[in-house]
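Trainee: Before I ask anything, let me first share the structure, which is written out below as structure tokens.
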Amino acid sequence: MPRGHGFGRGFRRCRYMSWPYTPWGWRYPLFRRVAKVDREKCIGCGKCAERCPFNAISIEDKKAKVNPYFCKGCGVCTLVCPKGAITLEYVY
Ligand code: SF4
Ligand code: SF4
């Protein structure tokens, strides 16, 4: 099988690759979002870390920190943050 035809792991894929399916027949996502914390607004209450279904947020130095490899962009943290410190950013 030639390279560039979907043998990346998980959802990693070349941006310019035109074939939209993995070799296993799953559709690659068209876009991906990741949570981003505004450190100035964050008060370190930990509500986002408690509620994240993918365990992607930890509290470091009294600020929330998102692990972009675990974050699935579901948006739960943006809803529970009392300070509105989290937004979803498009990665591609
Ligand atoms: S968007 Fe979803 S997966 Fe990502 S950090 Fe927030 S709650 Fe967790
Ligand atoms: S819920 Fe908001 S204020 Fe609380 S730790 Fe998370 S990002 Fe910071």
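The values are calculated or read from the model by the stated rules, or taken from the named source; none is laboratory data. Remember, predicted model here, so these are calculated numbers, not experimental data. Please note: Cβ atoms are built from the backbone with ideal geometry, for glycine as well, and neighbour counts cover all protein chains shown.
Trainee: Pairs please, first residue from region 78-89 and near ligand 1 (Cβ under 10 Å from one of its atoms), second anywhere and among the polar types (S, T, N, Q) and part of a strand (DSSP E or B), Cβ atoms under 7 Å, 6+ apart in sequence or on different chains.
Mentor: As it stands, the answer is 78/87, since those pairs meet every condition given.
Trainee: Scan region 38-59 and report the pairs whose first residue is at positive phi and assigned by TED's automatic domain parsing to the domain that holds residue 81 and whose second residue is among the β-branched types (Val, Ile, Thr) and within 8 Å of ligand 2 (Cβ to nearest atom), with Cβ atoms within less than 9 Å and a gap of 6+ or a chain change.
Mentor: 44/59; 46/57; 46/59
Trainee: Still on this structure: Starting from residues that are over 14 Å from the mean Cα position of the chain (by Cα) and loosely packed, with under 13 Cβ neighbours inside 10 Å, keep the ones in region 42-61 and report whichever is nearest to ligand 1 (Cβ to nearest atom).
Mentor: Applying the filter and picking the extreme gives 50.
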